[in-house]
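Written out below as structure tokens is the structure these notes cover.
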2 protein chains.
Amino acid sequence: MGVRYFALSHHVDFRQANGPAVRVHNYPPSWQEWFDANGLGKCDPIHRASHRATVGFAWSEVPDMIKMTPEDRFVLDQAYRIGIGDGFTIPASVPGETLGSCSFAVGAGEAFPAEFHFVCQLVGGFAFEAARRLSGARDFGIANTPILTDRQRDCVLWAARGKTDWEISVILGVGHETVIQHLKHARERYGVQKRALLAVRALFDGLISFSDILKR
Amino acid sequence: MGVRYFALSHHVDFRQANGPAVRVHNYPPSWQEWFDANGLGKCDPIHRASHRATVGFAWSEVPDMIKMTPEDRFVLDQAYRIGIGDGFTIPASVPGETLGSCSFAVGAGEAFPAEFHFVCQLVGGFAFEAARRLSGARDFGIANTPILTDRQRDCVLWAARGKTDWEISVILGVGHETVIQHLKHARERYGVQKRALLAVRALFDGLISFSDILKR
DNA sequence: GGGGATATTCCAAGAAATGGGGATAGCGTC
DNA sequence: GACGCTATCCCCATTTCTTGGAATATCCCC
């Protein structure tokens, strides 16, 4: 396929991975060591960017996809220094399941053959799905994501929008205590203590979406 | 591509759709009417199955992917009666965004040409991505998003993970008041009042990612 | 050297969220 | 009819967050 490196991986910290997670790659060992030592599994810029696409993207597009921090630039710099050049990454996302991706890269200084993007898209996508099935990761996904009632969902949505319990009660036309109760139950079902994490989980599971929250 | 029908759609109830949502298809109008009348956007069995895959799947695999209810069987039965036969669906999932999919189907009684699965995968995937961008479902407003300092980002990340200010102060090894201050400034830069919305905005901007937050 | 951004710590008052109890009513299932 | 789920309301105590101030010190840039 005209590329030198491949990397198929779940986006977890492999230093302390506990659940089922897959990683297969042919990057230089020194890169994996440095990558793990810095706990990049969960915050690598390429991985972060992959959480914002449905299909493959060239690494050159990453700065347009996420906010690049100085560390992000340092990470990409390090990769280049170790010999990893331009790349193309295929995201893999299933609601409620560990995120992952499959990347292909050429050596530093080489040009990525754009005519192989489609092939990478296909190979990367099906390769990840195969790994996902082998690892049993998919058995831990949406099957056990909590189900909320309509009212609970409404309250979570307005809470994610930054409204207070009292404001929500006015918006929904119910009592203040009712809203407290709905959010209490929603937190219990998700097994979380804080409404910030509740909002995040509801977003991740597809219960609510950014467009629900941020419109207007 | 050897198929008769296509359907590219966000999984929402189009009777009461309010946000940006896309639907393009050439199914019979009677099917869309019946589909909407029954509010299937969110519970159609093909859509539900697509929430458990990262790549395309043949509709014949659906019973192995989700638990089929009697209603599900009735829905598929109705589709067949209207003239929709076997199909292949490509899921499209981005954390925090409305779920969607792109399907291809042959007429009732016809055989789906398996040799076109790969082509469907590619066309469906990129078609959905194109529709997603056109619809503004994802508007990359990276340019004018606030810039946080490293410490502020750390605090936002831990706050999104559901930690209290005091817990964060222990984790980061700084004073309790310092964390309060960082989050105060972070909220000011984002122009929000609540940490739940702060977490959502930071996620939306790509400052932090779901895999940063959720270990699993 | 001055200006600006950053990181750090501290105080205090009030608002809001959380966790623990309750209760009533409707609705559908077994 | 008993049971479970849902939605609605109420009380309490405690913790946590938010907002308004304040102060140092470092670092980089001009």
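Per-residue shielding of A:65-73, expressed as the average number of other chain Cβ atoms within 10 Å of the residue Cβ, stands at 4.
A:GLN193 label point (Cα plus 7 Å toward Cβ) to equivalent points in the other copies: 2.6 nm, shortest first. Would you mind checking the tilt of helix A:117-135 against the longest principal axis of the Cα atoms of chain A, expressed as 0 to 90 degrees and rounded to 10? It works out to around 60 degrees. For the pair A:ARG81 and A:THR164 in one chain, pulling the backbone fully straight at 0.36 nm per residue adds 25.0 nm over the alpha carbon distance. 3J(HN,Hα) along the range A:158-174, derived from phi through the Karplus expression 6.51 cos²θ - 1.76 cosθ + 1.60 where θ = phi - 60°, amounts to 5, 5, 5, 6, x, 7, 7, 4, 5, 4, 4, 4, 5, 4, 7, x, 10 Hz, with x in place of Gly and Pro.
For B:LYS184, a cut-off of 20 angstrom between C-alpha atoms picks up these aspartates and glutamates, skipping any fewer than 8 places away in its own chain: B:ASP150, B:ASP154, B:ASP165, B:GLU167, B:ASP205.
Local charge for B:ARG187 was computed over the other residues whose Cβ lies under 9 Å away, with Lys and Arg +1 and Asp and Glu -1, and equals +3.
Take each residue in A:190-203, count the other chain C-beta atoms within 10 Å of its C-beta, and the mean is 6. In µm²/s, what is D for the range B:150-213 at 37 °C and 0.692 mPa s, where D = kT/(6 pi eta Rh) by Stokes-Einstein and Rh is the Kirkwood radius from Cα pairs? My calculation gives 288 µm²/s for D. Total buried accessible area between B and A, probe 1.4 Å, nearest 100: 5500 Å². Rolled with a 1.4 Å probe across the full set of protein chains, the surface gives A:ILE171 an accessible area near 80 Å². If you plug the beta carbon distance of A:ASP64 and B:ILE180 into 1/(1 + (r/R0)^6) with R0 = 25 Å, you get a FRET efficiency near 0.15. Here chain A is treated with +1 on each Lys and Arg Cβ and -1 on each Asp and Glu Cβ, and its dipole about the Cα centre works out to around 580 debye. Based on protein heavy atoms only, the protein assembly as shown ends up with 43 Å² per residue of surface accessible to a 1.4 Å probe. Of the accessible area of the protein assembly as shown, computed with a 1.4 Å probe over protein heavy atoms only, carbon and sulfur atoms account for 54 percent. Note on B:MET1: accessible area approximately 90 square angstrom, rounded to 10, probe 1.4 Å, nucleic acids and ligands left out.
Label sites at B:ASP150 and B:PHE74, each approximated as a point 7 angstrom past Cα along Cα to Cβ, lie 6.0 nm apart.
If you take all other residues with their beta carbon under 13 Å from the beta carbon of A:GLY2, and give Lys and Arg +1 and Asp and Glu -1, the sum is -2.
For the range B:30-85, the set of trypsin sites (Lys or Arg not before Pro) satisfying both a DSSP loop assignment and a count of at most 13 other C-beta atoms within 10 Å is given as B:LYS67. Principal-axis analysis of the Cα atoms of chain A puts helix A:70-82 at an angle of about 30° to the longest axis. A cut-off under 12 angstrom between Cβ atoms defines the neighbours of B:SER103, and their net charge, with Lys, Arg +1 and Asp, Glu -1, is 0. Annotation: the protein assembly as shown has a Kirkwood hydrodynamic radius of 22.6 angstrom, from the mean reciprocal C-alpha pair distance. Residues A:THR145, A:THR178 ordered from highest to lowest accessible area at a 1.4 Å probe: A:THR178, A:THR145.
Normalising by the residue count of chain B, find the relative contact order in percent from Cα pairs under 8 Å and 6+ residues apart. This gives 19 percent for chain B. Direction-averaged projected area, Cα convex hull, the range A:5-140: 7.7 nm², rounded to one decimal.
Sorted from nearest, the other copies put their A:ASP150 label points 5.0 nm away, the label point being 7 Å from Cα in the direction of Cβ.
The values are calculated or read from the model by the stated rules, or taken from the named source; none is laboratory data. Since the model is a prediction, treat every value here as computed from it, not as a measurement. So basically every Cβ, Gly included, is an ideal-geometry build from the backbone, and we count neighbours across all protein chains shown. We work out accessible area using only protein heavy atoms, side chains counted, and drop any ligands, DNA or RNA first. Shrake-Rupley method; radii C 1.70, N 1.55, O 1.52, S 1.80 Å.
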